[in-house]
1. Nearest-5 percent of antiparallel DSSP beta bridges in the chain?
2. Per residue, how big is the convex hull of the chain when only Cα atoms are used? Give it in Å³.
3. Shape verdict for segment 179-255, please, from the Cα gyration tensor: rounded (a/c under 1.5), prolate (a/b greater than b/c) or oblate.
4. Helix 125-134: angle to the longest alpha-carbon principal axis of the chain, degrees 0 to 90, nearest 10?
5. Ranked highest first by average number of other Cβ atoms within 10 Å, how do 197-204, 256-263 line up?
6. Place the peptides 349-359, 83-93, 218-228 in order of packing, highest mean first, counting for every residue the other Cβ atoms within 10 Å and averaging per peptide.
7. For each of TYR144, TYR266, count neighbouring Cβ atoms within 10 Å of the residue's Cβ, then give the residues from fewest to most.
8. When PHE94, PHE242 are ordered from fewest to most other Cβ atoms inside 10 Å of their Cβ, what list results?
Amino acid sequence: MAGIMDRIDSFTIPAACVESLPKQAVRCTACAHTCILQPGKRGICRMRYNRDGELRVPFGYVTALQPDPIEKKPFAHFLPGSTALTFGMLGCNFHCDFCQNWISSQMLKDVSASLPLEAIQPVSAQEIVDLALRRKAQVLVSSYNEPIISVEWAVEIFTRAKAAGLHTAIVSNGYATPESLAFLRPVLDGFKIDLKAFREESYRKLGGSLQPVLEMIRAAKEAGLWVEVVTLLVPDFNDDPFELREAADFLASVSLDIPWHLTAYYPAYLQFNAPPTTPTQLQAAAEIGQDAGMHYVYAGNRPGRVGSLEDTFCPKCKSLLIKRRGYNMLEYNLSAQGTCCHCGTSIAGIWTEDPDSISITGKINPLF
Ligand code: SF4
C-alpha cells in the first residue's frame, strides 16, 4: 500500500477547508467528521493528511474521466438528456458495506481495494474543461468517490467550467459542512445527495451520522442549489415503511419539489447476502413518497419494470412531461421556459432553453 499512498500524496496541495490548531495540529473542515489531525496523521477518509502542520489535500489527478448521461448520476430535473463529463478520484469518508464503487472509495482503508499506480492519472483542471467542451458536455460532475473530501480540486475545475459556460454538479453522500458548502456554492449548480437511511444507528454502521446529512439537504436547498436526493433501497437495511415515511416527511418539509430517487440495490462489496431490491419493493417505497406529497418520486436501476416511476408528470394537471426508460428519453413535453406544455405550470428544475436539441429514442447519443 506504500506505493499507492506515495503516489496519492504526490498529488496534493495545501487545504482551503482547514483551521490551524496549537502544536502544528489542524482541523479539517471539509466534511462533518471535522477530523483533528496531529502532524503525520491522516483523516478518516485517509486522503487528507497533516504534513508538518500543513493539511495536504487531493488535487490534480483523476482515476476516472468519462462522459455519462446526466440521468446516470441520477439527475432527473437537471438538463435531462445532456452529457455529463464525470471525473472521480480516490477515497471516501464513509465505509458502506454495499458500496458499488468500493475499490476507489475504500482505497487506503481496505487492503483488498487495489489499483495499479497508473490508474492515478495526472491532469489539469483546464484539460478536463477542454475535454468537456470537445465532447459537447453541458455539465461537469464530480462523482464515483466522495467529492467533498477533494473539495479544493472540485472548486478549481468548476471555476474554469463556469467560465466556459458549463453547468456543474457533485454526487455526494451529503456529509459536508457549512464551510465546504460555502466554498463550493459560487461555482456549483447541482447537488445530488444520498439519504442512505433515516436511522442514526444505520448511519453509524456506514461510518457517519444522520443529522449532518439532513442539515446539508436543507442548507443546499436554502443556498439555491438544485438538489436531488437518492436512497439506495437495501432490503432489511432501510426499507422499513415507517422509516421511509419519516424520510419522505423530512424531504417534504424541505421542499415538495425535491426529486426523490429510490434505486435498486444489487449485491456488492461486503453485502453479498442481501437479495437485490425487487421492482415491487421499489414501487411500495415510491408510493410512500407520493403519499407524503412529494411531487417527483422516481424508481431507478430497474428500467422498464417499475411502471411509470421513471417518468415525470406535471404536479398540477398530471400530464406526462418526460417519458424515460433507463437512461433513454422517449418523450419530452416541457417548454423552453421549463413549463408544462399542457397547463403552463412551472416545473422545478434546470431545463434546456432548446427542447428540440434533446436526444430522444432513435437518436440516442452514441457515447452511451
Ligand atoms: S474530509 Fe472528512 S474524513 Fe477527510 S480529513 Fe477532512 S474531516 Fe476527516
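1. Expressed as a percentage, antiparallel bridges in the chain total about 55.
2. Details: hull volume 47.9 nm³, N = 368.
Value for the chain: 130 Å³ per residue.
3. prolate
4. Relative to the chain, helix 125-134 is tipped by roughly 30 degrees.
5. Details: 197-204: 16.5, 256-263: 22.1.
Listed from highest to lowest mean packing, they are 256-263, 197-204.
6. Working: 349-359: 14.6, 83-93: 25.4, 218-228: 19.1.
Averaged packing, sorted descending, gives the order 83-93, 218-228, 349-359.
7. TYR266, TYR144
8. Fewest-to-most Cβ neighbours within 10 Å comes out as PHE242, PHE94.
Every number in this text was worked out from the coordinates using simple rules, so none of it is lab data. Bear in mind that the values here come from a model prediction, so they are computed numbers and not experimental data. Neighbour counts are summed over all protein chains in view; Cβ atoms, including those assigned to glycine, are modelled from backbone coordinates with ideal geometry.
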